[in-house]
Amino acid sequence: MISFIPYASFRFFGLIALLLAPIITLGLLGRRCQIYNDSVAILMTFLIFAAEPNQLISLIVFILWQALLIRFYLAQRRKTNKILEFYLSVGLSILPLFLVKLSADLPTLSILGFLGISYVTFKSIQILMDIRDGLLKEIPMINFLRFITFFPTISSGPIDRYRRFKKDADHVSTSAEYHRLLEMGLHNVFLGFLYKYIIGYLVHKYWLGSPFLDANSISSIWLYMYGYSMYLFFDFAGYSKFAIGVSYLLGIRTPENFNKPFLSRNIKDFWNRWHMTLSFWFRDYVYMRFVYTAVKNKWLCNRYFISDIGLAVNFLIMGFWHGFLPQYIIYGLYHAAAFILFNKFERLNKAHHFWMKDNPWVHGLSVIITFHVICFGFLIFSGRLNFLW
Amino acid sequence: MKEVKDSFKQKVYSILEDACDCNEIKSNPNIRLFDEGLLDSFSTISLIVAFEQELGISVPISDFNRDEWATPAMIITQLAKLQ
């Protein structure tokens, strides 16, 4: 079976152009044929995984598992609001992903995996969190399936939220609204080509591919660091643009993933601009929940210390999520340390005002320092420094 | 929409001023707290805990959306809805 990995081949783009043509035509008339949209969704999900039948089976089993868990927790939550059931459901929801990540050490477990498992797991956990908070009282199965298997974002996000997604999915755009969606959708798709297949490709081929970078000398590694950071951004931001663009064509305003991350003025600002749907997910569901529980139950008197622990937990989990490999764990700890130190710096500066934030020169310097801190993080992430440990 | 009492407003303002460590909230009810760097995820938690303890209103963390809770005035409207 030929492969239809999202946005990886002209075959894929050709296929969606063909399948989306009726959706676009109807959209411009201010209409939508839900049965057709759902058929396209099923066909695309099938084709994306069909080259690897194992993955298709794993995906189906995974979705059934998550659907059952959500049913179970929803029914429990209607009766009582016990924390044990909540943790149990979240734990069981993460279990497949955990086992797949563990397969770096135990290869037999990789059978459970499929392309995009980590991204779909996030969506499912987010639903459990919303149920816990009483923000979701019911989730019709069809809506759950549409959300979880939304094919434009299934392989690598952006990670949408159920309530936001549902708002778009329930609303049939008027002709004027759809004109705008189409315009933004195509704009994003073309930016995707520019980012991923022109800039990203050139950086990868001529910069990272340069034989000069092979040596383990400081200058080679230094240049590799810049090249890798650029490649990582253009490749992933390009992918995200495709995913967002195609979502728009389907009437879904999938959230942005990047907002000029290399212009961040500090590490906190960076995490509001880089892989935003992931970092906001972590912010809302790991860091903030942890700090909230700890502050409310007065686990420690010093709130700043609670926040530091929260940041360490947050970035460590994010590291493990990338994979159970040393470079990812160190990357997580590195960002936690940078974030905690920056918070201390910011508090000191609030008291003593030695770093004039509003001065354009100071701003420029902050951007340059931050840029190097994040590039060094990506260097760790890339595994290029693995010879050191 | 129901009328928001002035005493309630004053209470929210003083909670906000504590959490943001800034005393210009009252005079600036339309200031964008997150964009101005007055609120971040950490101070948001202090805010949510204070709303719970001092006003008896519990705001689910995942409901505290930075677009809908962007300014003091918007926060008052949102809280009044949950009251």
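Read-outs throughout are calculated quantities, based only on the coordinates presented, and are distinct from any laboratory measurement. None of the values given here were measured: they were computed from a predicted structure. We place every Cβ from the backbone using ideal geometry, glycine too, and count neighbours over all the protein chains shown.
One table, with the values for the structure above:
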{"quantity": "Backbone N within segment A:201-245 under 15 Å of label point (7 Å from A:Asn386 Cα along the Cβ vector)", "calculated": "none"}
{"quantity": "Lys, Arg +1 and Asp, Glu -1 on Cβ, resulting dipole of segment B:6-82 about Cα centre, debye, nearest 20", "calculated": "240"}
{"quantity": "Local electrostatic count, A:Leu232, Cβ distance below 13 Å [Lys/Arg +1, Asp/Glu -1]", "calculated": "+1"}
{"quantity": "Top positive-direction residue, dipole computed over segment A:1-116 with Cβ charges, set A:Leu47, A:Leu112, A:Ile94", "calculated": "A:Ile94"}
{"quantity": "Contact order normalised by residue count of segment A:261-388, Cα under 8 Å, 6+ apart, percent", "calculated": "31"}
{"quantity": "Charged-residue dipole, Cβ positions (Lys, Arg, Asp, Glu), the protein assembly as shown about Cα centre, Debye nearest 20", "calculated": "580"}
{"quantity": "Spin-label proximity, A:His322 to segment A:345-389 - amide N less than 18 Å from point 7 Å beyond Cα toward beta carbon", "calculated": "A:370-389"}
{"quantity": "Within segment A:323-345: backbone nitrogen closer than 13 Å to the A:Leu109 label point (7 Å, Cα to C-beta)", "calculated": "A:323-325"}
{"quantity": "Options A:Phe378, A:Ile24, B:Ile31, ranked by Cα towards positive dipole end of the protein assembly as shown, top entry (Cβ charges)", "calculated": "A:Ile24"}
{"quantity": "Under DSSP loop assignment and at most 11 Cβ neighbours within 10 Å, longest trypsin sites (Lys or Arg not before Pro)-free interval of chain A", "calculated": "A:138-297"}
{"quantity": "Under Karplus coefficients 6.51, -1.76 and 1.60, residue-wise ³J(HN,Hα) of segment A:191-197 in Hz, glycine/proline x", "calculated": "4, x, 4, 4, 5, 7, 9"}
{"quantity": "Mean residue ellipticity (222 nm) of chain B, computed from DSSP H runs ≥ 4 via -39,500 (n - 2.57), nearest 500", "calculated": "-13500 deg cm²/dmol"}
{"quantity": "Cα centroid separation, segment A:1-62 to segment A:323-389 (Å)", "calculated": "40"}
{"quantity": "Hits among lysines - C-alpha to C-alpha of A:Lys137 under 27 Å, sequence gap 8 or more where chains match", "calculated": "A:Lys79, A:Lys82, A:Lys123, A:Lys166, A:Lys167, A:Lys296, B:Lys2, B:Lys81"}
{"quantity": "17 Å Cα-Cα reach of B:Lys26 towards aspartates and glutamates, excluding residues that sit fewer than 8 places from it in its own chain", "calculated": "B:Asp6, B:Glu17, B:Asp18, B:Glu36"}
{"quantity": "Helical contribution to [θ] at 222 nm, DSSP H n ≥ 4, -39,500 (n - 2.57), averaged over chain A, rounded to 500", "calculated": "-22000 deg cm²/dmol"}
{"quantity": "Calculated FRET efficiency for the pair A:Ala215/A:Leu28, C-beta based, R₀ 56 Å, to 0.05", "calculated": "0.50"}
{"quantity": "Relative contact order (percent, whole number), chain A, Cα cutoff 8 Å, 6+ residue spacing", "calculated": "15"}
{"quantity": "Distance from segment A:267-317 to segment B:19-83 (C-alpha centre basis), Å", "calculated": "18"}
{"quantity": "Options A:Trp361, A:Phe345, A:Leu232, ranked by Cα towards positive dipole end of segment A:211-361, top entry (Cβ charges)", "calculated": "A:Phe345"}
